[in-house]
1. Cβ-Cβ under 7 Å, sequence separation 6+ or interchain: first residue in region 29-58 and touching a residue at least 60 places away in the same chain (Cβ under 8 Å), partner surrounded by fewer than 13 Cβ atoms within 10 Å (Cβ to Cβ). Which pairs?
2. Consider only pairs whose beta carbons are under 7 Å apart and that are at least six residues apart or on different chains; among these, list those whose first residue lies in region 73-100 and is more than 24 Å from SER59 (Cβ to Cβ) and whose second residue is hydroxyl-bearing (Ser, Thr, Tyr) and modelled with pLDDT of 90 or more.
3. Given the structure, is SER39 modelled with pLDDT of 90 or more and in the same structural domain as LYS110 (by TED's automatic domain parsing)?
4. Sort out which residues of region 39-78 are of a type outside the set (Ser, Thr, Tyr) and part of a helix (DSSP H, G or I), and write them in order of number.
5. Out of region 85-107, which residues are exposed (fewer than 14 other Cβ atoms within 10 Å of the Cβ) and outside any strand (DSSP E or B)?
Amino acid sequence: MNETTENFWQVWNNLPPWQPPEVFWRLYYDGQGSPMFYSMEDLPGNYIDVTPEQYSLASMQVRVVNGKLQQLSNKQTKKMMPSSTGTPCHPSDVAIVVDVDSEHQCWRMKYNESN
């Protein structure tokens, strides 16, 4: 064996055992419990851990209530509502998003369910 081979085996034998990376499935949600996106990354924000099956479905017809995932009925309506927080829009046109430093009205999406 030459010196290069000896060096290789010395390094190889001193390597720590390989540990597979931790795998997790997360649903990130906003302050109202509405889903924003599913991810396998460790990102800042509110999230709950979901099962691999829930992750693969990636359903947006869910809400997070008290830290638990709840499936919504198919009878759901949503409506834009003026709010003190939310997306800043032009005062006369909700379709125009403006900078928060300019005159604006904030709007947010409100979800309503029916039986």
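1. The qualifying pairs do not exist here.
2. So the pair list comes out as VAL97/THR87.
3. Values: modelled with pLDDT of 90 or more: yes; in the same structural domain as LYS110 (by TED's automatic domain parsing): no.
Taking the combined requirement at face value, the residue does not satisfy it.
4. PRO52, GLU53, GLN54, LEU57
5. THR85, PRO91, SER92, ASP99, VAL100, ASP101, SER102, GLU103
The values are calculated or read from the model by the stated rules, or taken from the named source; none is laboratory data. Bear in mind that the values here come from a model prediction, so they are computed numbers and not experimental data. Glycine also receives a Cβ, built like all others from the backbone with ideal geometry; neighbour counts cover every protein chain displayed.
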